[in-house]
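Some notes on the structure that comes next.
The values are calculated or read from the model by the stated rules, or taken from the named source; none is laboratory data. Since we're looking at a predicted model, the values are computed, not measured. Here the Cβ positions follow ideal geometry from the backbone for every residue, glycine too, while neighbour counts run over all protein chains shown. Just so you know, the surface numbers come from the protein's heavy atoms only, side chains and all, with ligands and any DNA or RNA stripped out. Shrake-Rupley method; radii C 1.70, N 1.55, O 1.52, S 1.80 Å.
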Amino acid sequence: MSVADVQNRQWRKFDPYIVPVDKNAVENILRPLDLSDDDYHTVMQSMLDQMERGLGAATNDTAPIKMYPTYVRAVPDGTESGEFLALDLGGTNFRVLLVTLKGQEVKMDSKIFLIPQHIMLGSGKHLFDHIAECIYRFVKEHNLMERKLPLGFTFSFPCRQKGLARAMLTTWTKGFKCEGVEGHDIVALLHEAITRRGDLNVECLAVINDTVGALMSCAHTDRKCAVGIILGTGSNACYIEKLEKVEMAEGNEPGPPEMLINTEWGAFGDDGSLDFITTDFDRQVDKHSINAGKQRYEKFISGMYMGEIVRLALEKLRKNGLLFGGEGSYHMATRGRFYTKYVSEVESDDTDSFPMTKQIFQELEIETVTDQDCRLVRHVCALVSRRAAFLSSAGVACILNKMKRPEVTVAVDGSLYRFHPHFHDLMMEKTRVLAPGIRYKFMLSEDGSGKGAALVAAVANRILAEQKAKGNPETSSAV
Ligand code: BGC
């Protein structure tokens with residue numbers, strides 16, 4: 001087969017009608033975004049290595065993937081019941097929820113509060129005062145002022161936990177940078193803000209990561225669920241590990257011989273191990289982010305960065321006269337302006353006339369957009385999202401191979417996975433190749449952050465009540 005044939009086959013994989021002006025020039029620019037199975041295998045091997053180092057007490061310090069113990073030992077058994085408050089902080093929105101559990105029945109009432117940019121980048125005190133104010137407004141509206149409800153907090157940032165309700169933030173991610181929180185216990189900061197107000201009767205019993213929420217919420221109905229992943233603004237995974245392997249956990253509480261591990265896989269590659277697949281576009285995204293050099297794996301795959309990778313690739317093609325007849329615009333030259341939701345829209349578009357794609361570029365003030373331009377844009381989006389989906393599969397496959405269970409349900413949540421038209425199918429396809437012999441399915445987690453936090457708080461509350469009944473003096477308050 002000639003080189004031209006191979007190239008043609010490559011192009012046809014995406015769109016049989018695509019005829020770029022200068023195929024070779026386009027190929028040269030985009031080729032680095034197209035990875036091989038060998039690349040994905042190398043990624044998996046290196047991820048496995050870093051995960052093992054993260055688990056080990058002697059190696060954790062220098063391991064980029066931190067594999068944090070969560071102190072969540074058991075998945076729910078479906079008998080949990082009661083009313084719980086849940087908080088969900090992890091993106092631009094903050095939610096307060098009232099969750100009612102009754103066996104398999106779950107009722108949720110929630111309210112969304114916006115976290116303005118000046119709070120995301122302001123002081124920690126300001127952030128937690130804002131959170132306490134939102135809790136107050138919610139509790140008041142729901143006539144819960146007179147009751148003391150157990151509270152679970154889904155806090156979706158990397159935390160070194162020392163127990164279910166002690167979580168030190170190690171580093172902010174996803175556009176947050178509040179001063180005075182890194183290195184501090186976020187439960188203590190929340191309780192301090194509550195005490196400052198003096199009008200709230202709330203105690204936080206458990207902090208969980210959103211991956212843990214997703215896993216717990218799916219495990220509530222599917223006992224095979226043992227992995228939880230988030231593909232949204234950020235990305236991360238958790239899974240069930242044998243307790244004997246969790247060298248970093250403190251204490252020796254009785255319970256099942258397992259613990260959920262919050263891998264914080266987003267930091268994979270922070271030691272340079274993903275440099276071999278890093279393109280110029282990725283380097284620019286990282287350089288201009290507020291956490292340069294950090295969360296390198298997350299920057300390949302998550303919603304916060306994918307649109308920007310596409311924008312940079314489109315701009316490069318345009319500047320080389322290969323797209324839009326070379327015509328640019330202020331918007332297309334603006335960092336962060338090509339949103340990840342556009343990638344999903346372009347890839348969902350009708351390929352006869354590209355109405356959505358044309359609408360997007362009209363908004364971005366590109367005057368002349370031909371069908372060929374639309375095809376090329378679609379091709380770029382497909383390349384970037386395919387790479388993201390396959391890299392996510394490499395992560396999932398690495399965990400599945402490591403767990404060695406014959407059959408696993410993987411709980412998934414996150415806007416990227418939910419709204420991208422092909423992410424699920426791409427992940428199914430590649431995970432099959434990278435984790436042969438394992439039966440798996442991806443299960444969309446329905447509101448894991450609320451339900452999961454309530455489930456963990458329910459278990460924590462039950463344990464506290466049991467300890468209290470046994471007269472353990474160290475027990476704080478089961479609510
Ligand atoms: C955070 C994780 C979180 C993930 C998905 C990452 O940036 O570090 O803790 O689970 O985003 O929300």
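Note on THR221: accessible area is roughly 90 Å² with a 1.4 Å probe, heavy atoms of protein only.
Applying the criteria of a DSSP loop state and at most 16 other Cβ atoms within 10 Å to the GluC sites (Glu not before Pro) of segment 240-283 yields GLU247, GLU250.
Straight-line reach from LYS468: taking Cα to Cα under 19 Å and skipping same-chain neighbours fewer than 8 places apart, the aspartates and glutamates in range are GLU80, GLU203, GLU253. On segment 321-385, 46 percent of the accessible area sits on carbon and sulfur atoms, based on a 1.4 Å probe. For segment 389-446, a crude dipole built from +1 on the beta carbon of Lys and Arg and -1 on the beta carbon of Asp and Glu, taken about the Cα centre, is about 280 debye to the nearest 20. Summary value for the chain: 20 percent relative contact order, contacts being C-alpha pairs under 8 angstrom separated by 6+ residues.
Checking every one of the trypsin sites (Lys or Arg not before Pro) in segment 310-392 against DSSP loop status and a limit of 14 other Cβ atoms within 10 Å picks out ARG335. With the Cα gyration tensor of segment 365-479 giving a ≥ b ≥ c as the square roots of its eigenvalues, does the rule (a/c under 1.5 for rounded; else a/b larger than b/c for prolate; else oblate) give rounded, prolate or oblate? The shape class here is oblate.
Give me the accessible area per residue for segment 91-182, probe 1.4 Å, as a whole number in Å².
Using a 1.4 Å probe on heavy atoms only, each residue of segment 91-182 averages 45 Å².
Note on the chain: with charges restricted to the Cβ of Lys and Arg (+1) and Asp and Glu (-1), its dipole about the Cα centre is near 460 debye.
Note the angle between two axes, namely the Cα long axis of helix 37-55 and the longest principal axis of the Cα atoms of the chain, as a number of degrees from 0 to 90, rounded to the nearest 10. Orientation of helix 37-55: about 20 degrees from the principal axis.
Which of rounded, prolate or oblate describes segment 33-84 when judged by the alpha-carbon gyration tensor and an a/c cut-off of 1.5? Judged from the Cα gyration tensor, segment 33-84 comes out oblate (a/c at least 1.5, b/c at or above a/b).
Estimated from helical segments only, the mean residue ellipticity of the chain at 222 nm is -13500 deg cm²/dmol, where each DSSP H run of four or more residues counts as -39500 (n - 2.57).
The share of accessible area on segment 61-210 that comes from carbon and sulfur is 49 percent, using a 1.4 angstrom probe.
Sites listed here are GluC sites (Glu not before Pro) in segment 125-198 whose DSSP assignment is loop and whose Cβ has at most 10 other Cβ atoms within 10 Å: GLU146. Checking the cross-link pairs LYS66/LYS174; LYS245/LYS441; LYS23/LYS294; LYS287/LYS430; LYS294/LYS319 against a 27 Å limit on the alpha carbon distance flags LYS23/LYS294; LYS287/LYS430; LYS294/LYS319 as lying beyond it.
Computed with a 1.4 Å probe over protein heavy atoms only, the accessible area of LEU114 comes to about 120 Å².
With every protein chain left in place, what is the accessible area per residue of segment 371-479 in square angstrom, probe 1.4 Å?
Value for segment 371-479: 39 Å² per residue.
Measuring with a 1.4 angstrom probe and ignoring ligands and nucleic acids, LEU144 comes out at about 10 Å² accessible. Set Lys and Arg Cβ to +1 and Asp and Glu Cβ to -1, take the dipole of the chain about its Cα centre, and tell me which of THR368, ALA63, ALA457 lies farthest positive. Going by the Cα projections, it comes out as ALA457. Relative to the longest principal axis of the Cα atoms of the chain, the long axis of helix 303-319 makes an angle of roughly 20 degrees. For the chain, the longest principal axis of the Cα atoms and the long axis of helix 124-141 meet at an angle of about 70 degrees. To the nearest Å, what is the center-to-center distance of segment 82-150 and segment 63-81, using C-alpha atoms only? Their Cα centres are 22 Å away from one another. By the gyration tensor of its Cα atoms, with a ≥ b ≥ c the square roots of the eigenvalues, what is the shape of the chain: rounded for a/c under 1.5, prolate for a/b over b/c, or oblate? Because a/c hits 1.5 or more and a/b exceeds b/c, the chain counts as prolate. Comparing PHE390, GLY307, TRP265 along the charge dipole axis of the chain, the residue lying farthest to the positive side is TRP265, per the Cβ-charge model. Comparing GLY78, THR211, ILE230 along the charge dipole axis of the chain, the residue lying farthest to the positive side is GLY78, per the Cβ-charge model. Looking at segment 162-262, what % of the alpha carbon pairs are farther apart than 23 Å? So the pairs more than 23 Å apart make up 39 percent of the total in segment 162-262.
Counting only Cβ charges, +1 for Lys and Arg and -1 for Asp and Glu, the dipole size of segment 258-297 around its Cα centre is about 180 debye. Taking the chain as a whole, the Cys residues whose C-beta sits 4.7 Å or farther from every other Cys C-beta are CYS134, CYS159, CYS178, CYS204, CYS238, CYS374, CYS381, CYS398. Sequence-distant contacts, meaning Cα pairs under 8 Å at least 6 residues apart, place the relative contact order of segment 127-235 at 30 percent.
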